[in-house]
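Worksheet: one structure, shown below.
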Amino acid sequence: MTILPWEASRKRAFIIGLAPALLVLGAITLLPTLALIVVSFTPLSLTDPINTFHFNNPLGNYRQLWADTRFLNSVSVQLKLSLSSVALQLVVGLGVALLLNARQAILSAVRAVFLIPMVLPPIVVALIWKIMYTPEVSPLHRMLENVGLPVESLITNPDMALWAISFAETWQWFPFTMLMVLAALQMMPDDPLEAARIDGANRWQIFKYIVFPYIRPALVIAGLFRLIDSFKAFPLIYVLTNGGPGTVTEVTNFYGFIQAFNFSYWGYASAIAVLMLAGAFLLSWLISRWGGHHDDE
Amino acid sequence: MTMSNSGSQSAAITPAGVDRPAAGPSATRSLEQADSAHLAAHVRKGRSTESARRTAAWLVGIASIDGRVVGALVLLLVVMFPFLWLVQLSLRPTNDIFGESLLFVPSLDSFRSLLQSHFAGSFVNSLIVSTASAGLSLLFGVPAAYALTRCRFRARGRIALWILVTRMAPPIAFTIPFYMAYRWSGLLDTNLGLIIVYLTFNLAIVIWLMQTYFAAIPQALEEAAYIDGCGVWSAFWRVTLPLTAPGLAATAVLCFVFSWNDFFYALILTRTNATTAPVAIVNFLQYEGWEWPKIAASGTLVMLPVVIFTILVRSYLVRGMTAGGIKD
Amino acid sequence: MPALSLRNIRKSFGSASILRDISLDIDEGEFIALVGPSGCGKSTLLRIIAGLEAEDSGDIDLAGRRINHAAPRDRDIAMVFQNYALYPHMTVAQNLGFSLKLAGHKPADISRRVKEAAQPLGLASLLDRHPRQLSGGQRQRVAMGRAIVRNPRAFLFDEPLSNLDAKLRVQMRTEIKALHQRLGTTTIYVTHDQVEAMTMADRIVVLKDGVVEQAGTPLALYDRPENAFVAGFVGSPAMNFIVGKLQINGQSRFVADDGTTLPLGPLPSALDGGSVLYGIRPEHFAIGGEQGVDSRVVVVEPTGSETHIAVRFADHDVIAAFRERIDARPGERLKLMPRQEYVHLFDAQSGMRLN
């Protein structure tokens, strides 16, 4: 006979299984977050750590951020990059998914190959596109030259640099939206499609009125995931433009990086990081409300 | 009647043989012998039709002038072109980088010069850190995922949100505090330091993914194990975990890939000893100038484990291992 | 001392009360069937006995030992699940021997006992197969073999035949009953099929909404149901109920709502008049006779061994069953008379038996 009732001993066993992970997770996420928030209330700078670690002006960094044009620029750049890139990923991913959503066996091989851009180390993606965007070595530039349409380097062009990065990011991540849409398409029941065909709808109408409403939730979730991820974009910018020309491609993440590890203004960089974290939290909360994996049953 | 039990296509029973009433004392022929024979014939028939169908599909797929297939293949070439360009660039002989011709004799010069440099060491670091991080994440995360799946904790929703935020948080939010902590504790520029940091996203991935796999195992199997004599964790170890082996493998690979691919944490938290492969590439760019062959070769090397693993995991489908255990 | 004793078992899930105060004694070697409509709590009760659910209050004693909160493995019971719950990644032999391996028996012992259990079930040639390679009936037998190998104090069956096709079900019924006779182990068998319960059980316990409606031998339930629910639940086709009033003045009479008078057998003395349900089973009608009630034939269903005739009788839809072949057509009229010695009377309000 067990000492504890079976139900209770079972629950205890589960707690023992869960506790170590929660402790570790707490130590490596909650504590650093706490430290981050604390430091963001100080003007901590590594050039003079002792004297700059005080709380005389806790909201000083935040007030300064509000007036910092370079920061505000980084936010606008971030928004431009994220929104354009995610929109492109959704459109391209949707298109490719529709194209590849058929039974021919060879298409499943194509679908598998399309996974590659997504799983490549981001640094390799950055290298690939560094090559593509450097006129001296790029086959694309050379081809255009041979055809008589020489194009100058995109990544040193203030007007085109952000678009170049957006394009590279779309190349890297469209397979993600493609996978999400394909999964939704494959779960779609056949009956409404057949009924529509019998009713005489053409392909565009079928798409607009039947297919699209069904896959829209998948698109929304994919879009949210990609949006959050886009805030982390680093290697592309680091390798392709290093935030330039000027600050044209300096996204918030990059600006924080510069503040922390070029200027060693840790207090200030922490404030930037706190704001980014808040944004990630908000978007995660939205995802969990609009259809995360694990609804509490 | 004896039946080969490996499911191989034994010639012991012919379809005709199944249709004929069995020789021998028909009065005592028990039901399950007919069951077995029927089943075997079905399985054999099904298998040969399946493979025939699949071959036919391949042939049709290749031979058809279906616009969809053509479009897909064209798209494939266009999309993969930048990737293929990098790979071919790494195979060019070093004196022919900017050669106009597309044809060349592939050479491994770039790779050789890479492996003789510091790069090899960084590759090893990447290997160590990625494997250890995946292993550690599984060690902590798998039991936690199981507990969350099977037990109605009140904080379940909050924990789920926490996990999600951890996955989604921008690395810079963690690098600043970790950098400070590591400077003081001496973990800067160590493999261990990276392994710990990678737990921030890997633990979350393990818990997130393994929950879905565990939820797919019917609880009746565990209940049968309880009655047979198992406790909670021995039922988990002997029944639930073996049935989720494919999911476990896929999760481990995913952890490895995410650790391998990381750039930001490694860039900031390592200097010279513990640099991982992605960071080592960038060191080339900054310290040795833009040596394109080496760049291309290093990129190709760094992506190789990831691409191989992805192909492996993809073909490892979870083939309803619960088929037969629970009436479907 | 009873083999299994349940005292005042209560169980609620949230605000829903599933079991209300169940008490039951089961003797050594008895085959008990728990029957009832879905939602009556029979599966929950079985799981509580097994230890997979915890009762809110009450006591469970197995062979005199209190097992209220014992872990399932400490209860010396074995269970056959509705969906078999065979371990997919183990062979049949490993499935059968799993409990023995956990208990620490030597491999030679395990192998011997597994073979002993497999032989009478016809599983001897299937020991190296995996569950996915077996048919439904074979899987069912492996599930039973797994329980038998443990030699427990009690077998618990949770609707084991409900996933099998009709023919297989009939055969497995006989096999399970034969198994019980051979082993003599106390068995608790949950089913929603009252035919299964009637044919297999020594005693039947009818549950409804978490309460025991009646417990007794199959024939006792059939011949003397204690309330209208049990009367209508046991027996197929179901008992017919006519709504009417009992008139007690001098000689007691039953008058249906449409005015038809129906015969009554002997009645207990202390009965008031009032609304009653007049219950008569389909096979207890006689055809013809002067006093028969004029009924219109609606549907004739010959099953081969019986003829079921659905009629319109005293303004009710009634089914009469006859062993003989009856030549009747829909629309014709028959004179039907219930045989008074087989009449069951129930209070229209409470459903309790009156005679």
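The values are calculated or read from the model by the stated rules, or taken from the named source; none is laboratory data. Just so it is clear, the model here is predicted, and its values are computed rather than measured. Positions of Cβ are backbone-derived with ideal geometry, glycine not excepted, and every protein chain shown enters the neighbour counts. For the accessible areas, the whole protein counts, side chains as well, though only heavy atoms, and no ligand, DNA or RNA atoms are used. Shrake-Rupley method; radii C 1.70, N 1.55, O 1.52, S 1.80 Å.
What is the percent carbon and sulfur in the accessible area of the range A:7-136, measuring with a 1.4 Å probe over the protein chains and ignoring ligands?
Ligands and nucleic acids excluded, carbon and sulfur give 71 percent.
Quick check: from the Cα gyration tensor, does the protein assembly as shown come out rounded (a/c under 1.5), prolate or oblate? Walk me through the numbers on the way to the answer.
Details: a/c = 2.31, a/b = 2.09, b/c = 1.10.
Note, shape of the protein assembly as shown comes out prolate.
Averaged per residue, what accessible area in Å² does the range C:240-347 show with a 1.4 Å probe, protein chains only?
53
Relative contact order (percent) for the range A:1-152, with alpha-carbon contacts under 8 angstrom and 6 or more residues of separation?
Contact order relative to length: 7 percent.
Rounded, prolate or oblate for the range A:145-297? Axes are the square roots of the Cα gyration tensor eigenvalues, ordered a ≥ b ≥ c, and the cut-off for rounded is a/c under 1.5.
On the way: a/c = 4.06, a/b = 1.50, b/c = 2.70.
The shape class here is oblate.
Kindly provide log₁₀ I(q)/I(0) values, in the same order as q = 0.11, 0.15 Å⁻¹, from the Debye equation applied to equal alpha-carbon scatterers of the range B:122-221.
At q = 0.11, 0.15 Å⁻¹ the computed log10 ratios are -0.41, -0.70.
Tell me what chain C gives for mean residue ellipticity at 222 nm when only DSSP H runs of n ≥ 4 count, each as -39,500 (n - 2.57), the sum divided by the residue total, rounded to 500 deg cm²/dmol.
-7000 deg cm²/dmol
So for A:Glu7, A:Glu169, what's the accessible-area order with a 1.4 Å probe, most first?
Ranked from most to least accessible, the order is A:Glu7, A:Glu169.
Name the shape class, rounded, prolate or oblate, that the alpha-carbon gyration tensor gives for the range A:1-120, where a ≥ b ≥ c are the square roots of its eigenvalues, rounded holds for a/c under 1.5, and otherwise prolate holds if a/b is larger than b/c and oblate otherwise.
Because a/c hits 1.5 or more and a/b fails to exceed b/c, the range A:1-120 counts as oblate.
What does the accessible area per residue of chain A come to in Å², with a 1.4 Å probe and no ligands, DNA or RNA counted? Don't skip to the end; give the middle numbers.
Working: 14070 Å² over 297 residues.
So chain A comes to 47 Å² accessible per residue, rounded to a whole number.
Are there GluC sites (Glu not before Pro) in the range B:196-305 that DSSP marks as loop and that have at most 14 other Cβ atoms within 10 Å, and which are they? Don't skip to the answer; put the middle values down first.
Numbers: sites: B:Glu222, B:Glu223, B:Glu288, B:Glu291; in loops: B:Glu288, B:Glu291.
Sites meeting the loop and neighbour criteria: B:Glu288.
Report the local net charge at A:Thr247: Lys and Arg +1, Asp and Glu -1, summed over other residues whose C-beta lies under 12 Å from its C-beta.
Net local charge, A:Thr247 excluded: -1.
With θ taken as phi - 60° and the coefficients 6.51, -1.76 and 1.60, list the Karplus ³J(HN,Hα) couplings across the range C:230-239 in order, rounded to whole Hz; mark glycine and proline as x.
Those phi angles translate into 4, 4, x, 7, 8, x, 9, x, 5, 4 Hz.
Which is farthest toward the positive dipole end of the protein assembly as shown among B:Ile128, C:Asn227, A:Tyr62, measuring Cα position about the Cα centre, with Cβ charges +1 (Lys, Arg) and -1 (Asp, Glu)?
Farthest towards the positive pole: B:Ile128.
Calculate the spin-label point distance for C:Asp317 paired with C:Ser12, positioning each point 7 Å from the Cα along the beta-carbon direction, and give it in nanometres.
A separation of 3.8 nm, rounded to one decimal place.
Simple spin-label model, 7 Å along Cα-to-Cβ: B:Thr131 to B:Arg154 in nm?
Label-label distance for B:Thr131 and B:Arg154, simple model: 4.5 nm.
Do you know the relative contact order of chain C, to the nearest whole percent, from alpha carbon pairs under 8 angstrom that are 6+ apart?
Contact order relative to length: 15 percent.
Net charge near A:Pro150: determine it from the other residues with C-beta under 14 Å of the C-beta of A:Pro150, scoring Lys and Arg +1 and Asp and Glu -1.
It works out to a net charge of -2.
Using a cut-off of 11 Å between beta-carbons, work out the net charge of the residues near C:Asp202 (Lys and Arg +1, Asp and Glu -1, C:Asp202 not included).
Once positives and negatives cancel, what remains is 0.
What ³J(HN,Hα) values, in whole Hz, does the Karplus curve 6.51 cos²θ - 1.76 cosθ + 1.60 give for the range C:73-85 when θ = phi - 60°, with x put for Gly and Pro?
Per-residue couplings from phi come out as 6, 9, 9, 6, 10, 10, 10, 10, 7, 4, 9, 6, 6 Hz.
What total accessible surface area, summed over both chains, is buried at the interface between chains A and B, computed with a 1.4 Å probe and given in Å² to the nearest 100?
The summed interface area works out to 8100 Å².
With the Cα gyration tensor of the range C:240-347 in hand, convert its eigenvalues to equivalent ellipsoid semi-axes via √(5λ) and list them largest first in whole Å.
They are 27, 13, 11 Å, listed from largest to smallest.
Over both sides of the C-B contact, add up the buried accessible area with a 1.4 Å probe and give it to the nearest 100 Å².
3000
Set the Förster radius R0 to 35 Å, insert the Cβ-Cβ distance between A:Trp204 and B:Ile311 as r into 1/(1 + (r/R0)^6), and round the FRET efficiency to 0.05.
E between A:Trp204 and B:Ile311, to the nearest 0.05, is 0.45.
Relative contact order, percent, of the range A:75-177 when contacts are C-alpha pairs under 8 Å separated by at least 6 residues? Display every interim value, and only then the final one.
Working: 72 pairs, mean separation 43.3, N = 103.
That works out to 42 percent.
For the range C:4-233, which whole percent of the accessible surface, found with a 1.4 angstrom probe, sits on carbon and sulfur atoms?
Details: 4080 of 8600 Å².
Carbon and sulfur: 47 percent of the exposed surface of the range C:4-233.
For chain C, take the longest principal axis of its alpha carbons; what is the angle in degrees between that and the long axis of helix C:136-149, to the nearest 10 within 0 to 90?
Taking Cα atoms only, the helix is inclined about 60 degrees.
Hey, what angle do you get for helix C:92-103 against the long axis of chain C, alpha-carbon based, 0 to 90 degrees rounded to 10?
So the inclination is approximately 70 degrees.
Three principal axis extents, largest first, for the C-alpha atoms of chain A, in Å?
Largest first, chain A extends 84, 75, 30 Å along its Cα principal axes.
With the dipole of chain C worked out from charges on the C-beta (+1 for Lys and Arg, -1 for Asp and Glu) around the Cα centre, which of C:Gly14, C:Gln138, C:Val92 lies farthest toward the positive end?
C:Val92
Using a Förster distance of 25 angstrom, determine the FRET efficiency expected from the C-beta separation of C:Ser57 and C:Asn163, and round it to 0.05.
Calculated transfer efficiency: 0.15.
What translational diffusion coefficient, in µm²/s and rounded to a whole number, does the Stokes-Einstein relation yield for the range C:121-169 at 25 °C and a viscosity of 0.890 mPa s, taking the hydrodynamic radius as the Kirkwood radius over Cα pairs?
Taking Rh from Cα pairs, D becomes 206 µm²/s.
Taking H as built 1.01 Å from N, whose amide H comes closer than 5 Å to the amide H of A:Gly243, not counting residues under 5 places away?
Those qualifying (amide H under 5 Å, at least 5 residues apart or on another chain) number zero.
Provide a list, ordered by number, of residues in the range B:260-277 showing at least 50 Å² less accessible area with every protein chain present than when their chain is taken on its own, using a 1.4 Å probe.
B:Asn261, B:Phe263, B:Phe264
Give me the percent of Cα-Cα pairs in chain C that sit more than 38 Å apart, rounded to a whole number.
The share of Cα pairs beyond 38 Å in chain C comes to 32 percent.
What helices does chain A have that are whole DSSP H segments, at least 27 Å long along their own axis by Cα, and with mean Kyte-Doolittle hydropathy of 0.0 or more?
Qualifying helices: A:6-25, A:69-100, A:161-187, A:266-289.
Keeping all protein chains in position, work out how much accessible area C:His105 exposes to a 1.4 Å probe, and write it in Å² to the nearest 10.
70
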